[in-house]
Each structure stands twice: as C-alpha cells, then as structure tokens.
Amino acid sequence: MDVAKPDLAKPDVAKPDDPCRGRRVLRAAAAALALVALSACATLNTVRVHVATPQPAPAALLGARVQLQADPADAASPDAALLQRAVVDAMTRAGLHPVFGETAPYSARYSFGVYLDFEASFPSAWPPPSPPVVLPDGRVIYRGWPIWGPRWVWPPPWYERTLRIEIRRLDTGAVVWSSGAVLGSYDERLAPVAAILADAAFKGFPQDSGRRVLRVQLP
C-alpha cells in the first residue's frame, strides 16, 4: 500500500533583516552626497582665464636674461611687491631669467588692470556665461538667483582683471613676444589673482600662441 511520504522540505521562514544592510545603504548615500558636494565645490572654485598670445617666442628668448619693469601704476600700487613676485615667478617657471638693474639683451614690461565691464553688468547682457559663483561677501548666486537666500538679488558689477606683458629687444626696441590674460569676476581685487593671471599669460611658453581659454582651479 502506497504511503504518502512526509514533505521534508524546510518551511519558508522569513529571514531577519540584515542589521548591516542599513549601515551600508547609509554609507553609500553619504559617499554619494560627499561626491556631489566635492563636485559643486570644484565648480564654484573653477575660473576661466582668457589668454591671447599673438605669436610664439623666438628660440633665442628661451633661457634669456630679461630686464623686468613694472608699469608706473603697478609700481605705485600698495600691492606692488606681490604683483612683481607673481610675474617673476611665472617668468622663472617659463624658463626666463628676470633681472633688475642689470644688463640684459631683452626688457619686459608688465601692466595689471581692473576694468568694469559695462556690457556684462547691464541687465540686457547679464548674466555672463559662468557656473555658480561666490560673491566677495560670501553669497553664492547662479544667474542672479541666490542659491541660499529667500529672494532674487541683483548681482554686483562684473569686472575684468587683466595682465599685459611685452618683451622687447633692448637694442632695437622691437617687440619679440607679448601675451595677455583676462579673468572676469564680481571681485575687483587684483592681488588674489595676480599669480593666476601671470601663470596664464606664460602658459605654454615659448611655443603656444593664439587665443585660448584656460580653466584654473582656485586654491
């Protein structure tokens, strides 16, 4: 006589929740938020520097001694030493040898400037093309709207901070190389970006030339 065999299969038992699973989910979420925050900070601290270098430098200029002179307005500036140091360091990294009060076959003159950009500051042209920016007073805005704030605010004026440098043969006075760098910002101070402008102007020396846009990470 056939006897039904008992079902020896284990009954379904609900597995207890894994106590570590919740922690792993929280860690993953925290890591994702951290990456987003770091990406946002990188975007806020990235600036675009417009550089114009008409032509490459002659081979004879690489490693040459160059008498360095400041524009009179820069020499009289309260930040004169800082501006000069920014240019000296950039020239040295480019392979030049700036000197003061010594004989050299070349002379260089640099000029920093700050200009109010009326077109970018005017309502019909604002906002200038840029990612979210931090204003000098610490506010963060994007296209005129504060990221942290209850209402729309009118942005402050837009400034262009510039550096222009020319290197000439001392015997003929002919310009052998020149370069300029422009950085737009709501901040009109030159001192914090003097080194950035100088490094951008000499970027790719002696071969790079033409108009280009450099993306620079602020410290």
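Here, each number is a calculation from the coordinates, and none is a lab measurement. Computed from a predicted model, the values in this text were never measured in an experiment. Because the Cβ atoms are built from the backbone with ideal geometry, glycine has one as well, and the counts that use them run over all protein chains shown.
With neighbour counts taken as other beta-carbon atoms within 10 Å, the residues Thr92, Thr172 rank, fewest first, as Thr172, Thr92. Note on Ala76 and Val140: with the Förster distance fixed at 35 Å, the Cβ-Cβ geometry gives a FRET efficiency of about 0.50.
Order these by the 10 Å Cβ neighbour count, fewest first: Leu183, Leu214. Intermediate results must be reported in sequence, preceding the final value.
On the way: Leu183 22, Leu214 16.
Going from least to most buried by this count: Leu214, Leu183.
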